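Structure first, then comments.
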Amino acid sequence: MSAPRDCAACGLCEGRQNVVCPDGDPLSPVAFVGEAPGQKEDETGRPFQGRSGKVLDALLEEEGVSRSSIYITNTVKCRPPGNRVPTKEEMAACLPYLEEELQGRRLIVALGRTAARDLLRREVKLSEEVNKVTKVTVRGREIDMVLTYHPAASFYNTRAKDALRETIRIARTYLEGRGSASSTGT
Ligand code: URA
């Protein structure tokens, strides 16, 4: 269950064009969670369609992972005005949808600090935690989770891009049924 197209759970409904629905395989063992839709996503109703999406798609392709084999969603499903970071209240309003979407996944990939903080409910220091597989509790069940940089961070930062590439390699092991919390990256 994702957010309904007429969702009014928070104030973001006022400025949006579209509720941005998840993309990819609804039954994939691996869910990528971004921050929030931007302009292109708001226009199309699909996540990661703009510049960040192009980077993500290119890295997925380089690593032999098809976008259609993973599940892609965001912490909030409506675009915050001016692409600001969603507030705690907005993320809390959308959390029931996100938690529902994450049921039964084997790995959650948090793309960026906002998604990581929303799911872990604590501050995170990405430079220290990137690509270390940890556990997150979603509705009482533990799921493996890996924190990584948002694709936007790799526009000008090759280390962030390399880290994201490594994250995709970790995700691939889960898609192939080989992943576990014992695997660690860079
Ligand atoms: N950035 C995100 O975090 N999510 C999107 O869907 C697009 C850009």
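Say whether the condition of being modelled with pLDDT of 95 or more and either at positive phi or in contact with a His (Cβ under 8 Å, 6 or more places away or on another chain) (or both) is met by at least one residue in region 29-42. Within region 29-42, one or more residues are modelled with pLDDT of 95 or more and either at positive phi or in contact with a His (Cβ under 8 Å, 6 or more places away or on another chain) (or both). Taking first residues from region 103-121 that are more than 16 Å from Ala92 (Cβ to Cβ) and partners that are charged (D, E, K, R) and crowded, with 21+ Cβ neighbours inside 10 Å, the Cβ contacts under 6 Å between residues at least 6 apart in sequence or on separate chains come to Leu107/Asp144; Gly112/Glu35. None of Gly82, Gly15, Gly11 is surrounded by fewer than 18 Cβ atoms within 10 Å (Cβ to Cβ), more than 12 Å from the ligand (Cβ to nearest atom) and within 20 Å of Ala153 (Cα to Cα) except Gly82. For Ala36, the conditions (1) hydrophobic (A, V, I, L, M, F, W, C); (2) assigned to a loop (DSSP other than H, G, I, E, B); (3) surrounded by fewer than 21 Cβ atoms within 10 Å (Cβ to Cβ) are fulfilled apart from (3).
A single entry from Leu98, Leu60 fulfils the requirement of being more than 21 Å from Ala152 (Cα to Cα) and either outside any strand (DSSP E or B) or not aliphatic (A, V, I, L, M) (or both): Leu98.
Only residues that are open to solvent by 50 Å² or more (accessible area, probe 1.4 Å), small (Gly, Ala, Ser) and over 27 Å from Leu95 (Cβ atoms): list them for region 57-77, please. Show your work before the answer.
Taking region 57-77 and keeping what is open to solvent by 50 Å² or more (accessible area, probe 1.4 Å), we get 57, 61-62, 64, 66, 68.
Of the ones still in play, those that are also small (Gly, Ala, Ser) are 64, 66, 68.
Residues satisfying the conditions are Gly64, Ser66.
Restricted to region 18-33, and to residues that are outside any strand (DSSP E or B), of a type outside the set (A, V, I, L, M) and touching a Phe, Trp or Tyr at 6+ places or on another chain (Cβ under 9 Å), which residue is most open to solvent (accessible area, probe 1.4 Å)? Give the steps one after another, and end with the answer.
The first filter runs over region 18-33 and keeps only residues outside any strand (DSSP E or B), leaving 18-22, 25-29.
Imposing the further condition that a residue be of a type outside the set (A, V, I, L, M) reduces the set to 18, 21-22, 25-26, 28-29.
From what's left, touching a Phe, Trp or Tyr at 6+ places or on another chain (Cβ under 9 Å): 22, 25-26, 28-29.
Working: Pro22: 38, Asp25: 53, Pro26: 88, Ser28: 2, Pro29: 37 Å².
Checking each candidate, the answer is Pro26.
Residues of region 91-107 that are open to solvent by less than 20 Å² (accessible area, probe 1.4 Å) and out of contact with any Asp or Glu (no Cβ under 7 Å at 6 or more places or on another chain): Cys94, Leu98, Glu101, Leu102.
From the residues in region 127-168 that are in a loop (DSSP other than H, G, I, E, B) and more than 22 Å from Asp57 (Cβ to Cβ), which one is least open to solvent (accessible area, probe 1.4 Å)?
Going through region 127-168, the residues in a loop (DSSP other than H, G, I, E, B) turn out to be 131, 139-140, 149-150, 156-157.
From what is left, the residues that are more than 22 Å from Asp57 (Cβ to Cβ) are 139-140.
Numbers: Arg139: 112, Gly140: 73 Å².
Looking at residues that are in a loop (DSSP other than H, G, I, E, B) and more than 22 Å from Asp57 (Cβ to Cβ), I get Gly140.
The values are calculated or read from the model by the stated rules, or taken from the named source; none is laboratory data. What you see is a predicted model, and the numbers here were worked out from it, not measured in a lab. Here the Cβ is made from the backbone with ideal geometry for all residues, glycine too, and neighbour counts use every protein chain on show. Heavy atoms of the whole protein, side chains included, go into the accessibility calculation; ligands, DNA and RNA do not. Shrake-Rupley method; radii C 1.70, N 1.55, O 1.52, S 1.80 Å.
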